[in-house]
Amino acid sequence: MTHPNDPTRRDLLIGATAGAAALSAPARISAATPRHVIVVGGGFGGSTAAKYLRLWGEPSLRVTIIDPKPVHISCVMSNLVLSRTLSLGALRFPHAGLASYGVTFVKDTVIGVDPAAMTVELKSGAMLSCDKLVLAGGISFVKPQGWNQRTAPHAWIAGGQTMQLRNMIEAMPDHGTYIQTIPPSPYRCPPGPYERACTVADILGAKPGARVILLDANDGIQASKATFTRAFNGLYRGKIEYRSGAELVAVDAAAGEVHTSLGVFRGDVLNIIPPHRASVVVRRSGAVPKGSHWAPVDPLSYASTVQGMKNVHIIGDSQGTGQPKSGHMANAQAKVCADAIVRLLAGQRVDGISRVRSVTTNSACYSPITHDKAAWLTAAFAYDETTRQMRLVPASLAESGSWSRESYAEMFDWANNLWTDTFR
Amino acid sequence: MSHGSRNQVPNRNIPVTAHPPGPLRMAAIPAAAALLWAHPAEADRAADSRLLASQCAQCHGTNGVSAGGIDSLAGMEYQDLLDKMHDMARPGETGDLMKHQAKGYTTRQMRLIAEYFSQLPKPEDD
């Protein structure tokens, strides 16, 4: 009688929550209990999943986003806050923006997930139950030795960190040195660190003798290689010093030192982007196996492949399919996940041949290279029936190789459409 | 050949214009088309085309209605949209983002995408 799918128990659990009025089930119009999907995290992945579940699901499908913050701040375009091209306010997207689709927002922190009972425990003490759970928590960092984000900001999750880095750049002395580290792949937004180096070098153009040292833990540039190689060797020659194979060992912000496998580098501003792993909520759920940093999923549904977790779906930066980690890709994966959940709740398969051949994701993005010119990068991914993984379609992978005013203008249209498809 | 006349679109009867405007209208169409369709194969086809087409929305807008600057795809003629995708996907076509992105899709996928958008109404301000 206490089975989690028992309607009585479900309603008791839900009725026990803070804000119960908003969450209580609507009047029954059929014998079936309305299905409930909980989405943890209201970023690009979570917001898209919630919106499309309401667009595509049965009208009775209940969708709840849980996020500790009332507003998502977009990492996409956030390098333009450093140059004061955009204000942080332009990147703020309230989770309540999806209320018009019928998505419920609960401001709280998830402290526990029970994949067997399909319950989620919140910091407020409430316990919510659901039929499907979508975890879209983004990233967390593996802390380097001696690192403190207040003295050496990452600014890789947009918000206060972005403002802090902007202030530090503006306060940097003439002839000063800006050091930025790049974590080993996979990390969020493959072209992002190189884009940031260009943006900062452009800002520092106003300061005589100021320069950027870019310390990459990887063997080489990870995305848009031709474009960034050209920028570093040409436009920003003498302004950006790029070093590959520089693994971060420790940070001493007081001394202005970054210790790496290539030696010690000294700078006035340290922008430390540490190694990434799956978000805290995803790791605590049990979806990340020991020894791994990411959650293995079936890319037909983004359901966890960890035993006993088939009703838990992981999308965006925390999942481990090997697709690039970015807001655009999280949006793409969220739609495949939402489609799968709608079909699964209707008792349908997600691995029929026709659907399998319709599962695609794609990436398209623009990177500012100067204050008025940008570059672009694109790729499409298709489900591979042999490997059962997403596969890059080689002919679709391309970068602009250069930068232009036209692409700079297109960048704002791209971002606005991506934000609108995701948050509005 | 009247390929663009929508007669070849198997699920053309989706009552897209019978709903009031706004988000709930968009919600109602695809859900009904995908899940309540009488013939399972046609329901599958509608759902598959919806899933494929949704991957265009990051740049071209939810249900193909752009928020600005980039073309809306909703309400385009089937053959016109299919031809455009085919043209961009030609091996010699390079130098533009979409000319590369288009190379990521099979002809079957392009047909399903064109089916989906050609059945939606054109945006009012288009």
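Our coupling estimate for the stretch A:180-189, obtained by passing each phi through the Karplus curve with A = 6.51, B = -1.76, C = 1.60 and θ = phi - 60°, is 10, 9, 10, x, x, 5, x, 9, 5, 6 Hz, Gly and Pro reported as x.
For residue A:215, the shell of other residues with beta-carbons less than 10 Å away shows a net charge of -2, using +1 for Lys and Arg and -1 for Asp and Glu.
Our analysis of the stretch A:143-274 gives Rg over Rh at 0.92, with the two radii drawn from alpha carbon positions and Rh computed by the Kirkwood formula.
GNM remark for chain A: springs join alpha carbons under 10 Å apart, and the peak mean-square fluctuation among A:34, A:394, A:68 falls on A:394. From the Kirkwood radius over Cα pairs of the stretch A:167-213, Stokes-Einstein at 4 °C and 1.567 mPa s returns a whole-number translational diffusion coefficient of 114 µm²/s. Close amide H contacts of residue A:271 (hydrogens built in the peptide plane, cut-off under 5 Å, sequence separation of 5 or more or a different chain): A:179, A:180, A:181.
When only the Cβ of Lys, Arg, Asp and Glu is charged (+1, +1, -1, -1), the dipole of the stretch A:60-152 relative to its Cα centre reaches about 400 debye. Considering only A:393, A:258, A:280, the mean-square fluctuation computed in a Gaussian network model of chain A, springs between alpha carbons under 10 angstrom, is largest for A:393. Gyration tensor over the Cα atoms of the stretch A:67-145: the corresponding equivalent ellipsoid has semi-axes (square roots of 5 times the eigenvalues, largest first) of 29, 19, 10 Å.
Remark: for residue pairs A:123/A:335; A:51/A:373; A:107/A:310; A:51/A:107; A:225/B:99; A:143/A:225, the C-alpha separation exceeds 23 Å in A:123/A:335; A:51/A:373; A:107/A:310; A:143/A:225. Placing R0 at 41 angstrom, the Cβ-Cβ distance between residue B:96 and residue A:96 gives a FRET efficiency of 0.65 after rounding to 0.05.
Using Cα-Cα distances under 8 Å and only pairs 6 or more residues apart, what relative contact order does the stretch A:176-270 have, in percent?
Details: 169 pairs, mean separation 31.2, N = 95.
Relative contact order comes out at 33 percent.
Shape class for the stretch B:66-126: oblate, because the ratio a/c of the largest to smallest gyration tensor axis (alpha-carbon atoms, square roots of eigenvalues) is 1.5 or more and b/c is at least a/b.
Indicate the gyration tensor shape class of the stretch A:53-203 (rounded, prolate or oblate), computed on the Cα atoms with a ≥ b ≥ c the square roots of the eigenvalues: a/c under 1.5 is rounded; otherwise a/b larger than b/c is prolate and the rest oblate. Note, shape of the stretch A:53-203 comes out prolate. For the protein assembly as shown, the fraction of C-alpha pairs more than 38 angstrom apart is 29%. Among A:333, A:164, A:348, which one moves the most in a GNM of chain A with springs linking Cα atoms closer than 10 Å? Looking only at A:333, A:164, A:348, the biggest GNM fluctuation is shown by A:348.
Starting from the stretch A:245-324, pick out the trypsin sites (Lys or Arg not before Pro) whose DSSP state is loop and whose Cβ has at most 12 other Cβ atoms within 10 Å.
A:290
Listed values for the stretch A:404-418 are Karplus-derived 3J(HN,Hα) couplings in whole Hz (6.51 cos²θ - 1.76 cosθ + 1.60, θ = phi - 60°), namely 8, 5, 4, 5, 4, 5, 4, 4, 6, 5, 4, 4, 5, 5, 5, and x replaces Gly and Pro.
Throughout, read-outs are computed from the coordinates displayed, never taken from laboratory work. Computed from a predicted structure; not experimentally measured. Cβ: placed from backbone, ideal geometry, glycine included. Neighbour counts: every protein chain shown.
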